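Worksheet for the structure shown next.
Bear in mind these aren't lab numbers, they're just calculated from the coordinates by the rules spelled out. Being a predicted model, the structure only gives us computed values, none of them experimental. Here Cβ is always computed from backbone atoms with ideal geometry, including for glycine, and neighbour counts include all displayed protein chains.
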Amino acid sequence: MKKSFFSLSAILIIALSFTACKKDEKTFEEKVTGDWHSVSVRLNGTDATNYYSLDIQLDQDKTFDAILKVTSVLTNQAGVSKPKGTWSADNGGQSIELMYDDSNETELYEVIDISDTEMTVKIKQGEDKIEIAFERQ
């Protein structure tokens, strides 16, 4: 009887020592918060990376700063804008809504893929469909 009690106790101790703690999964909002740099831009299915780049900082306080560079196809001159505003995340819909300070306009970024280091979004502007792949900085 003592042997079976010892064996049962040993098995129980071994089993309890191998239980792992589950890491807390980051929320969608935590995943998107950070400094992102575009590495690929597609406009209506065509590679436009040489003509557009976007750096965006999504801060924890729900503000954002961005640097958008657009290079003219005709003149090859780059224009730079630096929009600012606030943002919100739709955890269920996996989207980010930007609200621009200067125009009070909003823009919806549908997040189609996200990891700790990469994010891909889709944006619709009028008839144009834009897909941007970002890397975390």
Spin-label model distance (nm) - residue 101 vs residue 50, 7 Å beyond Cα toward Cβ: 3.5
14 Å beta-carbon shell around residue 132, net charge (K/R +1, D/E -1): -3
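Taking only pairs that are 8 or more places apart or on different chains, how many Lys pairs in the range 27-136 have Cα atoms under 15 angstrom apart? Mind dumping the intermediate values first?
Working: 31/62; 62/84; 69/82; 69/84.
Close lysine pairs found across the range 27-136: 4.
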With +1 on the Cβ of every Lys and Arg and -1 on the Cβ of every Asp and Glu, and nothing else charged, how large is the dipole of the range 34-89 about its Cα centre, in debye rounded to the nearest 20? 180
Hey, could you pull the Cα Rg and Dmax for the range 13-137, both in Å? 17.8, 73
